[in-house]
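The values are calculated or read from the model by the stated rules, or taken from the named source; none is laboratory data. What you are looking at is a predicted structure, and each value in this text was computed from that prediction instead of being measured. With ideal geometry, Cβ positions are generated from the backbone for all residues, glycine too; neighbour counts draw on all protein chains shown. The accessibility values were calculated without ligands, DNA or RNA, using every heavy atom of the protein model including side chains. Shrake-Rupley method; radii C 1.70, N 1.55, O 1.52, S 1.80 Å.
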Amino acid sequence: MDFDAIVVGSGITGGWAAKELTEAGLTVLMIERGREIRHQQDYETETKAPWELPFLGQGDAALFRAQYAVQRLNRHFTEFTQNHFVNDAENPYATGPDTAFSWFRSYQLGGRSLTWGRQSYRWSDYDFGANKRDGHGTDWPIRYADLAPWYDKVEAFIGVSGQAEGLAQLPDGRFQPPMALNAVEQHVREAIRSRWPDRCLTIGRTANLTEAKDEEGRGPCQYRSICARGCSYGAYFSTQSSTLPAAQKTGRLTVITDAVVEALDYDPLTRKISGVRWVETRTKQRRRASSRLVFLNAGAFNSVQVLLNSVSEAMPGGLANSSGVLGTHIMDHANTLSAMALMPGFEAHTSFGNRPTGVIVARYRNLDRMDGAGHSRGFSFQGGALQSTWTAGKREAGIGAAYKEKLRHPGMWKMVLVGFADCVPRASNRLTLDRSRTDANGLPLLKIDFAFGQEELAALAQAKTDAAEMLTAAGGQVIMGSDRPGAGGTAIHEMGGARMGHDPATSVLNKWSQAHDVANLFVTDGAQMSSSACQNPSLTYMALTARACAAAVSMLRDGQI
Amino acid sequence: MTATARGWNRREFMGAAGLVALAFGLPAAAVTLSSLDPATAPTPAQRALFREVSQLVLPRTRTPGAGDVGAGDFVLLALAHGLDGARQPLAQPTPALLPHLRPDGTLDHAAWLEAELNRRAGGRFLRAAGRAGILAALDAEAYAEGRRDHPWRTVKGLILTGYYTTEIGGAQELRYELVPGRWEPDLPATPQTVAYSSDWTAVDFG
């Protein structure tokens, strides 16, 4: 064997797999399809001001239309960050006739760990028990107790700032000190709590440090809130700032960039993967390496693509697909701007610094009492209070000195609540390969079929009503709100496709994120998810990855693999 | 003849910015241009018009105005490239806009504004007295109750972008702090409190 383990992908979970496996003594090859980005050296726009960029930070709209038709829809995609997102024209994907899906991608060392929103929430047994309770999807083979110690481990390492609230549906973690609510948010928190004691507005739990982690060379947040450019302080969790240096420190990690994995070779005699094949994207040369373990961490959809493309005589429907469910039951949170309100009465208040997180209102529907209107799961809100600035002038009449003077000062406070609804797993939402079309590396295009259903629409309808009620109760003047979800993918929480389950006949992975069909294959990114919950999933991916690594190492040492 | 030779290119833009700097004692604007298709390059008259219009929207006060810092040229560049939806085909163009539609259904905002302001001025807008009043009337129409889309809104929005993202607009007229270093959630505000152009959340959602 060339390596003890091969990790496909270098993003949030790939970095964790590399760290855990190398620290356990294994030699690891990490294969990343994108270019190398070095921490503190390659964050090219990190310290730039708008006036130092060719298009004043706005970007070349013509270029964006032509080359970044999807990525430009991401609010974090700007002239500052465009080099941290894929070129859509060079990385096409297919969609079904009734599908609108915005697939936001970052193909580079570190993957989307460089551009992620950093929101880090534990899932609860309301989430792990959701499929069993309402019958959608397949039951998770794990519960919160299985994952709790791994959440502890991950939070302690990556650094999550947050406020403990004692909520069963949003378990507390090992938090660094929280970032404070601003004056308006504090008021809204208290107003909501006084009328609805079961509803909790709290500061976002975010993987931004409020205390330095000197042992890892990471400094505290500088309150710039330009994280997606890359942070040389190492103040938010990314592969570069955190897991990669830990893995490299062991001396057992080999990293290859600009190499896209096309397939895994399956040996029917051993019932294991015998090799990983990839294409060097610059030279188009094909390479192969072997290992005792393979961890797929290419990102939910790309990991599924690798499995679907790994066909063999023994597994003609794709690797680890004896169940036939590979590619099915993909999900993304249905999200929309549920309410925006003007918040009068706070004109004498302002703030300083750019807090890199908003607030959340934890789920409160369909917990111990089924009170969802037309839906059986949950929704939560993310948002915050902010003051308007010069961009508000675009919506206002006026020219001249008085107009300019008005724009010189902070404007009206607003509060926004964006609803995120649990997405029910459905077989019809699925990934397949379009073998009639290939990309620049000769690989068949991934095809996405996806639509939200009545459950999500009903949840967002109730979210709109509730959000308006809460902001009104806090003295706000609601000026807009929506119950229509954005296109699939816009929550950037796409997941599923290689779901975990009890039964090999109806699921791809077992409770250790290990393929039922292939003992040395572990899929520990978003592909493994059996349900979506309504909170951000990355922390759970990390905890599942750390847990799977420990299990894999144990199995290896016990001779089970 | 190449597009660069005939067109409106980065070097030419920098030359214009340099003239602005000479005229007003300002640092040259940081905006640079990539090559524009000759067909989309603005005329000298349009450049003069957009400079003046920018200055009327955000005039020189305690700090230089938008025209002073080159916002007019930025707007023309942004319109040509289609920032803020400027190159999206119009769904229901009014009769007044029809003469200025490109074959693809998008509006040539520069040509439209030039014609519109000249019409309102009864001749060349740049030579008219009361230019601020003429522009204010157009502005009032564009933002009238119930009105949602108007090409002037696009142009004015880009003037604001072209000003508050320059060093003068962003760091002299407003305040700019790349590294705040701390989060202070509740500070007293007065009518004199000056906003931060580096409050990215406010810029995005405010």
Failed item, numbered, when A:F522 is tested on (1) among the hydrophobic types (A, V, I, L, M, F, W, C); (2) open to solvent by less than 30 Å² (accessible area, probe 1.4 Å); (3) not in a strand (DSSP E or B): (3)
Taking only segment A:334-372 into account, find how many residues are outside any loop (DSSP other than H, G, I, E, B) and in contact (Cβ under 8 Å) with a residue 12 or more places away in the chain. 15
For segment A:85-184, list the helices (runs of 4 or more DSSP H) that sit wholly inside it and hold at least 1 residues that are in contact (Cβ under 8 Å) with a residue 24 or more places away in the chain and closer than 30 Å to A:L471 by Cα; which are they? A:125-128, A:130-134
Taking segment B:184-199 and keeping only residues that are closer than 15 Å to A:R224 by Cα and either more than 7 Å from every other protein chain (Cβ to nearest Cβ) or of a type in the set (S, T, Y) (or both), one is left with B:Y196, B:S197, B:S198
Looking at (1) in contact (Cβ under 8 Å) with a residue 40 or more places away in the chain; (2) open to solvent by less than 10 Å² (accessible area, probe 1.4 Å); (3) in a loop (DSSP other than H, G, I, E, B); (4) farther than 22 Å from A:S538 by Cβ, which is the only condition A:I37 fails? (4)
The number of residues in segment A:448-483 that are in a strand (DSSP E or B) and surrounded by 20 or more Cβ atoms within 10 Å (Cβ to Cβ) is 2
Quick check on segment A:154-162. Is at least one of its residues in the same structural domain as A:A543 (by TED's automatic domain parsing), open to solvent by 20 Å² or more (accessible area, probe 1.4 Å) and either at pLDDT below 95 or within 30 Å of A:G14 (Cβ to Cβ) (or both)? yes
Pull up segment A:273-332, narrow it to residues that are charged (D, E, K, R) and free of Cβ contacts under 8 Å to residues at least 40 places away in the same chain, then point me to the one that is least open to solvent (accessible area, probe 1.4 Å). A:E280
Go through segment A:166-205 residue by residue and tally those that are touching a Ser or Thr at 6+ places or on another chain (Cβ under 9 Å) and over 15 Å from B:P185 (Cβ atoms). 9
Scan segment A:397-442 for residues that are assigned to a loop (DSSP other than H, G, I, E, B), among the charged types (D, E, K, R) and within 7 Å of chain B (Cβ to nearest Cβ) and jot them down. A:R408
Selection count, segment A:378-396, where residues are at the interface with chain B (Cβ under 7 Å from one of its Cβ atoms) and either at positive phi or in contact with a strand residue (DSSP E or B) (Cβ under 9 Å, 6 or more places away or on another chain) (or both): 4
Could you please tell me which pairs satisfy a Cβ distance under 8 Å, a separation of 6+ or placement on different chains, a first residue in segment B:147-162 that is at the interface with another protein chain (Cβ under 10 Å from one of its Cβ atoms), and a second residue that is of a type in the set (F, W, Y) and surrounded by fewer than 18 Cβ atoms within 10 Å (Cβ to Cβ)? B:R153/B:Y143
I'm told A:H349 meets every condition in (1) closer than 30 Å to B:S197 by Cα; (2) open to solvent by 30 Å² or more (accessible area, probe 1.4 Å); (3) out of contact with any Leu (no Cβ under 8 Å at 6 or more places or on another chain) except one. Can you identify the failing condition by its number? (3)
Quick check: is even one residue across segment A:177-191 closer than 19 Å to A:F379 by Cα, crowded, with 20+ Cβ neighbours inside 10 Å and away from chain B (no Cβ under 14 Å)? no
Tell me, which residue of segment B:163-183 that is in contact (Cβ under 8 Å) with a residue 40 or more places away in the chain and at the interface with chain A (Cβ under 7 Å from one of its Cβ atoms) is most open to solvent (accessible area, probe 1.4 Å)? B:E167
